[in-house]
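Trainee: Before I ask anything, let me first share the structure, which is written out below as structure tokens.
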Amino acid sequence: MTAAEDEVVELASQLIAIDTTNTGEPDGTVGEREAAEYVAGKLSEVGYEVEVLDSGALGRSNVFCRLPGADRERGALLVHGHLDVVPAEPAEWSVHPFSGAVQDGYVWGRGAVDMKDMDAMMIAVARRFRRDGVVPPRDLVFGFIADEEAGGALGAQWLVENRPDLFEGCTEAVGEVGGFSLTVNEQRMYLIEAAEKGLGWMRLRARGAPGHGSFLHDDNAVTKIAEAVARLGNHRFPLVVHDTVRQFLDRLGEITGLEVPADDIEGGLRKLGPLARIVGATVRDTVNPTMLKAGYKANVIPSTAEAVVDCRFLPGREEEFLREVDELLGPDVTREWVTHLPAVETPFEGALVDAMAAALQVHDPDAHIAPYMLSGGTDAKSFAQLGMHCYGFAPLRLPPDLDFASLFHGIDERVPVDALKFGTRVLDEFLQKC
């Protein structure tokens, strides 16, 4: 394992240095092909048969390889990570976001936690297994995917619809945003993602009568869209404690003694510190306005106005959520999905969950595990359509005072070197026993 631990830091640094910015627009998306070729080279170097393929558009590149297991009759495990990252403005950072700098005990740069840290761990362990002749208990499929940050239409969704053969036999999957530690009352909990809210980017449109900006005007499309967006943005959807969230709260109480009273759940969650932003967003649906578009001249009232809102809804809540949205929009504003992905939910039980817990406890005897729901979305939404049970498990043992939640899509994104090495050890252990 020493070689894999040493290698993972360099792998993460070099991956971060490949700018794979995904703006969601063709002319603002770069580097996925270069990153895929880098990954393919590292895997081919140790003897893997690697397939590099584009998904839906030129340059939206993905990498797959399979390591045969001891029991070919068992369902295979998909281990997946995405290669793209969200944009970063260098002037806002302490280091250049695509430097991959290793300093002050961290690997710095865009993608350090979302999710080139996990990509690097996957490569390091896959290379170690091949070099040392490790045969896992079942087939492992390693997938490095494009376009996750724009919803996956040119990544995981396209692959599921057009190349399901890549996932032949896969019954379970592990990916990002889980397995990281949270220290509460001096107890270390590792949160494993077992559910995700549904994701929808919704375009709103209002129409009105065009006219001169100096006239009295009671049919203004801009006014209609602004009022509708304000109603949505200010609305508070009802509090709903889903099963996965309830399991998290129960485990939190058992492990730390921290009680979250039923009549003040959000107040209790605030005791979690920075992570409250993630967990707190999983007890109700949310709508956040993100884009507005209207007009072409200061003195011309336009006939149309548009907005985009980011919708996240709890499992089982989509129908009721849309009913509330329609009431808030009113009759003068129409809506349509730009991107629409379902909620995902997997039972937190069984041999795979036990293997994750055991791997963590081998390398951290004080580890406690708990399920949680992710307020965002991952490629698990696509892979669940093939019947896979999906979990978030990118293990990291984090410093208790690190505001981990703020690093996702944040300025000065970075991952501790020690956490990266710890995660490599845990992932190695887990994949040998999965």
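The values are calculated or read from the model by the stated rules, or taken from the named source; none is laboratory data. What you see is a predicted model; the values in this text were computed from it and never measured. Cβ placement follows ideal geometry from the backbone for every residue including glycine, while neighbour counts extend to all protein chains displayed.
Trainee: Just to be sure I understand, how many residues within the stretch 114-158 are of a type in the set (D, E, K, R), at negative phi and not in a helix (DSSP H, G or I)? Even if it seems obvious, please write down each step before you answer.
Mentor: Filtering the stretch 114-158 down to residues of a type in the set (D, E, K, R) leaves 114, 116-117, 119, 127-128, 130-132, 138-139, 147-149.
Now narrow it down to the ones that are at negative phi: 114, 116-117, 119, 127-128, 130-132, 138-139, 148-149.
From what's left, not in a helix (DSSP H, G or I): 114, 138-139.
Residues flagged as of a type in the set (D, E, K, R), at negative phi and not in a helix (DSSP H, G or I) within the stretch 114-158 amount to 3.
Trainee: Identify all residues within the stretch 159-175 that are part of a loop (DSSP other than H, G, I, E, B) and under 23 Å from residue 359 (Cβ atoms); write none if there are none.
Mentor: Residues of the stretch 159-175 part of a loop (DSSP other than H, G, I, E, B): 163, 168-169.
Listed by number, the list holds a single entry, 169.
Trainee: Now for a separate question. Go through (1) among the hydrophobic types (A, V, I, L, M, F, W, C); (2) free of Cβ contacts under 8 Å to residues at least 24 places away in the same chain; (3) over 19 Å from residue 122 (Cβ atoms) for residue 40 and report which single condition fails.
Mentor: Exception for residue 40: condition (3).
Trainee: Return the residues of the stretch 238-254 that are touching a Lys or Arg at 6+ places or on another chain (Cβ under 9 Å), within 16 Å of residue 264 (Cβ to Cβ) and surrounded by 15 or more Cβ atoms within 10 Å (Cβ to Cβ); say none if nothing qualifies.
Mentor: Taking the stretch 238-254 and keeping what is touching a Lys or Arg at 6+ places or on another chain (Cβ under 9 Å), we get 238-240, 242.
With within 16 Å of residue 264 (Cβ to Cβ) added as a condition, the list becomes 238-240.
Result: 240, single match.
Trainee: Do you know which residues across the stretch 247-282 are within 18 Å of the chain's Cα centre (by Cα) and outside any helix (DSSP H, G or I)? Outline the logic, then answer.
Mentor: Going through the stretch 247-282, the residues within 18 Å of the chain's Cα centre (by Cα) turn out to be 274-282.
Residues satisfying the conditions are 281, 282.
Trainee: While we're here: Take residue 327 and decide whether it is acidic (Asp, Glu), assigned to a strand (DSSP E or B) and either surrounded by fewer than 23 Cβ atoms within 10 Å (Cβ to Cβ) or not assigned by TED's automatic domain parsing to the domain that holds residue 409 (or both).
Mentor: Details: acidic (Asp, Glu): yes; assigned to a strand (DSSP E or B): no; either surrounded by fewer than 23 Cβ atoms within 10 Å (Cβ to Cβ) or not assigned by TED's automatic domain parsing to the domain that holds residue 409 (or both): yes.
No: the conditions fail for residue 327.
Trainee: Quick check on my filter: what residues within the stretch 121-139 are in contact (Cβ under 8 Å) with a residue 12 or more places away in the chain and either basic (Lys, Arg) or over 20 Å from residue 177 (Cβ atoms) (or both)? First the steps, then the outcome.
Mentor: Within the stretch 121-139, the first condition is being in contact (Cβ under 8 Å) with a residue 12 or more places away in the chain, and the residues that meet it are 121-131, 134-139.
Result: 126, 127, 128, 129, 130, 131, 134, 135, 136, 137, 138, 139.
Trainee: Sticking with this structure for a sec: Sort out which residues of the stretch 1-44 are outside any helix (DSSP H, G or I) and either farther than 13 Å from residue 107 by Cβ or not assigned by TED's automatic domain parsing to the domain that holds residue 65 (or both), and write them in order of number. Please lay out each step first, then the result.
Mentor: Our first condition is that a residue be outside any helix (DSSP H, G or I); within the stretch 1-44, this holds for 1, 17-25, 29-31.
Across the stretch 1-44, the qualifying residues are 1, 18, 19, 20, 21, 22, 23, 24, 25, 29, 30, 31.
Trainee: Moving to a separate point now. Kindly indicate whether residue 357 is surrounded by fewer than 23 Cβ atoms within 10 Å (Cβ to Cβ), assigned by TED's automatic domain parsing to the domain that holds residue 141 and over 25 Å from residue 147 (Cβ atoms).
Mentor: Numbers: surrounded by fewer than 23 Cβ atoms within 10 Å (Cβ to Cβ): yes; assigned by TED's automatic domain parsing to the domain that holds residue 141: yes; over 25 Å from residue 147 (Cβ atoms): yes.
Considered against the rule, which asks whether it is surrounded by fewer than 23 Cβ atoms within 10 Å (Cβ to Cβ), assigned by TED's automatic domain parsing to the domain that holds residue 141 and over 25 Å from residue 147 (Cβ atoms), residue 357 comes out as yes.
Trainee: Look at the stretch 82-113 and say how many of its residues are exposed (fewer than 15 other Cβ atoms within 10 Å of the Cβ) and in a strand (DSSP E or B).
Mentor: 1
Trainee: In the stretch 204-225, is there at least one residue being crowded, with 21+ Cβ neighbours inside 10 Å and among the β-branched types (Val, Ile, Thr)?
Mentor: yes
Trainee: Tell me the residue from 142, 180 that is more than 30 Å from residue 272 (Cα to Cα) and among the aromatic types (Phe, Trp, Tyr), please. Can you show your working first?
Mentor: Working: 180 fails: more than 30 Å from residue 272 (Cα to Cα).
The unique qualifying residue is 142.
Trainee: Of 298, 351, 307, which residue is surrounded by fewer than 17 Cβ atoms within 10 Å (Cβ to Cβ) and either at pLDDT below 95 or more than 27 Å from residue 384 (Cβ to Cβ) (or both)?
Mentor: Numbers: 351 fails: either at pLDDT below 95 or more than 27 Å from residue 384 (Cβ to Cβ) (or both); 307 fails: surrounded by fewer than 17 Cβ atoms within 10 Å (Cβ to Cβ).
None of the others qualify; the one that does is 298.
Trainee: I want to confirm something. Restricting to the stretch 406-434 and keeping residues that are outside any strand (DSSP E or B) and among the charged types (D, E, K, R), which single residue is surrounded by the fewest Cβ atoms within 10 Å (Cβ to Cβ)?
Mentor: Step one: filter the stretch 406-434 for residues outside any strand (DSSP E or B), giving 406-413, 417-434.
Remaining after also requiring among the charged types (D, E, K, R): 412-413, 418, 421, 425, 428-429, 433.
Values: 412: 17, 413: 26, 418: 14, 421: 20, 425: 21, 428: 22, 429: 21, 433: 16.
It comes out as 418.
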